[in-house]
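First up is the structure itself, then whatever we jot down about it.
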Amino acid sequence: MSVTAHKCGKRVQGRDPKQTSDAVGAAASQIGPEALSLAAMLNKQLGIPLGKTTTVLQQAFGLSLTPGGLSQALTRMAAQCEPTYQNLITQVRSAVSVTMDESGWRVGGRLWWLWAAVSDDTTHLRHSSRPRL
């Protein structure tokens with residue numbers, strides 16, 4: 001992406017539909033959706049810390065990313081998923097029949113909980129390190 005200034009002084013910046021940001025300069029580094037999905041799986045599903053996740057991305061794919069930058073990217077991704085998440089909750093709540101399950105297990109000596117709500121066509125999972133009252 002390049003930014004140019006015309007004789008009139010107006011700044012012009014190209015944009016590709018696949019870009020996730022209009023940032024320029026040092027802030028212009030981006031991680032693509034497939035790499036971000038892999039990072040999310042490594043960190044959230046497999047529990048690999050952000051620092052080690054960035055090391056995997058660097059060593060396996062040559063992607064340079066800081067743990068803080070990855071954290072911010074994952075936060076943006078979560079915000080984009082929020083409407084879909086809320087829609088799933090609405091679907092389960094409006095279902096004629098819902099089967100519930102609550103399971104607990106220990107992670108590092110701490111009790112974690114997983115709640116599952118399953119309808120005919122939707123499953124909603126929620127987990128927490130403390131019981132929800």
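Worth pointing out:
- Matching residues in the stretch 86-110 - criterion: being under 14 Å from residue 120 (Cα atoms) and outside any helix (DSSP H, G or I): 94, 95, 96, 97, 98, 99, 100
- Restricting attention to the stretch 55-82, the residues that are closer than 11 Å to residue 40 by Cα, surrounded by 11 or more Cβ atoms within 10 Å (Cβ to Cβ) and free of Cβ contacts under 8 Å to residues at least 24 places away in the same chain total 2.
- Flag if residue 35 is touching a residue at least 12 places away in the same chain (Cβ under 8 Å), surrounded by fewer than 18 Cβ atoms within 10 Å (Cβ to Cβ) and under 23 Å from residue 16 (Cβ atoms): yes
- Test: residue in the stretch 99-121 that is surrounded by 10 or more Cβ atoms within 10 Å (Cβ to Cβ) and of a type in the set (Lys, Arg): no
A short reminder: the numbers here are calculations on the coordinates, not readings from a lab. These numbers come from a predicted model, not from an experiment. Ideal geometry is used to build each Cβ from the backbone, glycine not excepted, and the neighbour counts take in all protein chains shown.
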